[in-house]
1. Looking at GLU122, is it at pLDDT below 95, assigned to a helix (DSSP H, G or I) and farther than 23 Å from ASP82 by Cβ?
2. What's the number of the condition SER79 fails, among (1) modelled with pLDDT under 90; (2) farther than 22 Å from PRO183 by Cβ?
3. How many residues are outside any helix (DSSP H, G or I) and touching a residue at least 24 places away in the same chain (Cβ under 8 Å) if we restrict to the range 162-182?
4. In the range 105-116, which residues are more than 23 Å from LYS94 (Cβ to Cβ) and in contact with a helix residue (DSSP H, G or I) (Cβ under 8 Å, 6 or more places away or on another chain)?
5. For the range 91-105, what are the residues that are under 15 Å from LYS181 (Cβ atoms) and of a type outside the set (Asp, Glu)?
6. Of everything in the range 128-178, what is touching a helix residue (DSSP H, G or I) at 6+ places or on another chain (Cβ under 8 Å) and more than 30 Å from LEU102 (Cβ to Cβ)? Give them in sequence order.
7. GLN73 - would you say it is over 30 Å from GLU146 (Cα atoms), modelled with pLDDT under 80 and outside the structural domain of LYS164 (by TED's automatic domain parsing)?
8. For the range 117-171, what are the residues that are basic (Lys, Arg) and either touching a Ser or Thr at 6+ places or on another chain (Cβ under 8 Å) or more than 30 Å from GLU88 (Cβ to Cβ) (or both)?
Amino acid sequence: MKRWIPMILMASWLVVGGIQGQVVYRWVDESGTIHFTDDPTSIPEKYRKQTEERKPPESPETRPEAVHSPPDQRGPAPSRTDQLGRGELWWRAKVKEWEDKLETAQRHYEETRAALEATNREIGASKLKPDSFQRKLKAEKKALEEKVDHWERQIKEAKEMLEKTLPREAQDYGADPAWLKPPD
């Protein structure tokens with residue numbers, strides 16, 4: 001086992017040294033395709049004269065450290081954030097999200113409420129219709145009443161969030177209250 005370790009180390013040094021000092025040949029064919037190879041015999045005859053040799057760099061390239069220039073005085077003022085690092089965009093997005101939820105809930109509420117009223121009118125007009133039809137209408141009415149209640153809860157939740165919860169959170173986290181209002 002101990003004999004193998006020096007041989008493995010020597011082989012790895014030879015391989016790494018061979019890779020590091022390898023020359024790469026580059027040529028461009030008639031169709032504009034760029035080709036690379038490390039074996040000059042694999043280059044077609046008609047491209048051998050225009051082949052370009054590329055040798056690896058002697059030492060690894062080092063990138064110069066970025067020079068820090070003072071911030072531009074004409075740029076925008078540094079953006080403020082709350083205690084959790086959330087800025088104006090985050091707060092405005094949160095308000096927009098809840099405004100969209102409120103709008104959607106109000107639209108669905110109106111649609112469902114109109115359908116419920118239509119079903120109630122139909123129930124009133126169906127006194128002389130079969131019992132099965134009346135039972136179907138009553139089941140529809142019950143389902144619509146549940147949907148109306150659901151959308152009422154959604155509206156209440158969105159209003160609560162927009163009017164109380166978000167302003168309270170903004171105050172608790174040190175966010176600018178103007179971030180919760182529409183931009184001028």
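The values are calculated or read from the model by the stated rules, or taken from the named source; none is laboratory data. As the structure is a computational prediction, the values presented were derived from the model and not from experiment. Heads up, the Cβs are rebuilt from the backbone with ideal geometry, glycines too, and the neighbour counts pull from every protein chain shown.
1. So GLU122 fits the description; yes.
2. (2)
3. The qualifying residues number 3.
4. THR112, ARG113, ALA115, LEU116
5. TRP91, ARG92, ALA93, LYS94, VAL95, LYS96, TRP98
6. Passing the criteria: GLN134, LEU137, LYS138.
7. yes
8. Filtering the range 117-171 down to residues basic (Lys, Arg) leaves 121, 127, 129, 135-136, 138, 141-142, 147, 153, 156, 159, 164, 168.
ARG121, LYS127, LYS129, ARG135, LYS136, LYS138, LYS141, LYS142, LYS147, ARG153 - these are the residues of the range 117-171 that are basic (Lys, Arg) and either touching a Ser or Thr at 6+ places or on another chain (Cβ under 8 Å) or more than 30 Å from GLU88 (Cβ to Cβ) (or both).
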